[in-house]
């Protein structure tokens, strides 16, 4: 049988194990979905110690020192409400639609509470800060059961200025339902959170008068003047929307008459959120979130943030990476941004400001948002190889695994074009291949692990310090089917997620049909191939066809169908038969329920033999 080479470019960061197609493992039992993300304060600083809980369940996680969390075993089948709480901050809520096996990204902000203000329940009282004035009449405090409260009550408030990033600390997004039952996007002029407690227990307020400072610029779409009557909205946690519950009046501020305040009177239940908003006409935005290779990113967080008005609306991408943000205001300038949490970090990108349409449908279509993601941690490769030995062609399928202890920093998706340059790779001398004598089932090659065929094998790590992204020992079962789906099953993680299964299709790129120029020597080696309609990353490998490999040449040419290997690099190979391998790859990224990144990699390879004179 002709010699076959499995050597791939080192820049692919993978090792390839040749063999016959393995069988597909049985699916695991249902494990629910997972939520992973990042929580920060309103100034953007990571916020550790935040409790992240799925309401109505015991599923809870706490953010680490980087503000990161991941929460597994979340039951699916209906909308999930996630409660964010930390002592000294106004709580917030996020809402997600989850399906079995989903890994949804969640990003939240929390607003610090002001200092506690002691008020005697029998006398009432008032207090003022730079942004808010709150006045409570005598005997207005009640327990949750309605019993009058006596003694001292501590009242704390937080005021959100919607003109900046603070609006992201509001519960849900800014969609509302007015007194008539009409729904639509809200333009917010300010939000307030009020919390009253006595001896650690929540207290209600029968009535309170609030003066809330309005932004100096309320937005080009929503001007306000003194004397305007504006609806008051209260957040409904069950519905996940703001509900109109009265109104207030715009008037000049007491101290700075050039500024406006919104004054209203309202009862305050425990943990109360109020909002000064205007309801607008609805429209929507549609688009797709992809990685740098153009593959769909499922369950990414996508947010529309008003620029000509203060308001937000959120959505998650489906398995095809598509999203629909609804509702947004018509004829408004909106920033569309996407967030993806991968392997212990949140990566994001945004599109240029979008002008929404003037009708409810069709939606405004936004070009793809490409989010740069880091190097993968788990990987399965499906490969096809054709060997041209002049008589027949052979095909093979392979499975490989890569284990990275930490993600690299991701930049942006503007990758440099191929340089049409080559690199000479020197192989280790005999006896120094790095194979672990006590365990021949794996090969330590730095950040890579070579799996010798499909099986349940331990992936080991040589680093002295435990990785924050994975346990020291993962058992991974890899299976691949040529040109079809693959399963990646991993057990064990540092966050209590016991197992997961991922099934994703890997589409094979076109096999490059190599041709060699008429003159092949240490000074001249011209290659050509059929250039594809949609070029893929292409790599060429040249190595001796016989004897022990001592050197190889790896090139990354432009996939235009024509390339000449530099003479200085050819001189590194001995005369005689050489094997030329042309490899195209197609990548598909997806997250996994343990917060890691995973990637499907389709590889098509053409091998041919020629003689170097």
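The residue of the stretch 309-325 that is farthest from the chain's Cα centre (by Cα), among those that are under 16 Å from residue 282 (Cβ atoms) and part of a loop (DSSP other than H, G, I, E, B), is 309. Of the set (1) within 30 Å of residue 331 (Cα to Cα); (2) outside any loop (DSSP other than H, G, I, E, B); (3) out of contact with any helix residue (DSSP H, G or I) (no Cβ under 7 Å at 6 or more places or on another chain), all apply to residue 188 but (3).
Only one of 195, 154 is modelled with pLDDT of 95 or more, in contact with a strand residue (DSSP E or B) (Cβ under 7 Å, 6 or more places away or on another chain), not assigned by TED's automatic domain parsing to the domain that holds residue 86 and not in a loop (DSSP other than H, G, I, E, B); which? Being modelled with pLDDT of 95 or more, in contact with a strand residue (DSSP E or B) (Cβ under 7 Å, 6 or more places away or on another chain), not assigned by TED's automatic domain parsing to the domain that holds residue 86 and not in a loop (DSSP other than H, G, I, E, B) holds for just one of 195, 154, which is 154. The lone criterion from (1) surrounded by fewer than 18 Cβ atoms within 10 Å (Cβ to Cβ); (2) not in a loop (DSSP other than H, G, I, E, B) left unmet by residue 294 is number (2).
Any residue that is assigned to a loop (DSSP other than H, G, I, E, B) and under 34 Å from the mean Cα position of the chain (by Cα) - is there at least one of those in the stretch 251-262? Checking the stretch 251-262: not a single residue is assigned to a loop (DSSP other than H, G, I, E, B) and under 34 Å from the mean Cα position of the chain (by Cα).
In this structure, residue 21 does not satisfy being out of contact with any helix residue (DSSP H, G or I) (no Cβ under 8 Å at 6 or more places or on another chain) and at pLDDT 90 or above.
You will find that of 128, 60, 31, the residue that is surrounded by 16 or more Cβ atoms within 10 Å (Cβ to Cβ), at pLDDT below 95 and more than 19 Å from the chain's Cα centre (by Cα) is 31 and no other. When restricted to residues that are more than 21 Å from the chain's Cα centre (by Cα) and modelled with pLDDT of 90 or more, the stretch 67-114 contains 11. Please go through the stretch 31-64 and give me each residue that is more than 18 Å from residue 92 (Cβ to Cβ) and touching a strand residue (DSSP E or B) at 6+ places or on another chain (Cβ under 7 Å), ordered by number. Listed by number, the residues that qualify are 31, 32, 33, 34. Taking the criterion of being assigned to a loop (DSSP other than H, G, I, E, B) and more than 21 Å from residue 190 (Cβ to Cβ), the residues of the stretch 271-291 that qualify are 281, 291. Taking the criterion of being touching a residue at least 24 places away in the same chain (Cβ under 8 Å), outside any loop (DSSP other than H, G, I, E, B) and under 17 Å from the mean Cα position of the chain (by Cα), the residues of the stretch 326-351 that qualify are 336, 337, 338, 339, 340, 341, 342, 345, 346, 347, 349. Any residue in the stretch 180-191 that is over 23 Å from residue 107 (Cβ atoms) and either crowded, with 23+ Cβ neighbours inside 10 Å or at pLDDT 95 or above (or both)? Checked the stretch 180-191: at least one residue is over 23 Å from residue 107 (Cβ atoms) and either crowded, with 23+ Cβ neighbours inside 10 Å or at pLDDT 95 or above (or both). Restricting 302, 250, 268, 340 to residues that are more than 29 Å from residue 37 (Cα to Cα) and crowded, with 24+ Cβ neighbours inside 10 Å narrows the list to 268.
The values are calculated or read from the model by the stated rules, or taken from the named source; none is laboratory data. Computed from a prediction, not measured in an experiment: that's the story for all the values here. Positions of Cβ are generated from backbone atoms using ideal geometry, with glycine treated the same way; all protein chains shown enter the neighbour counts.
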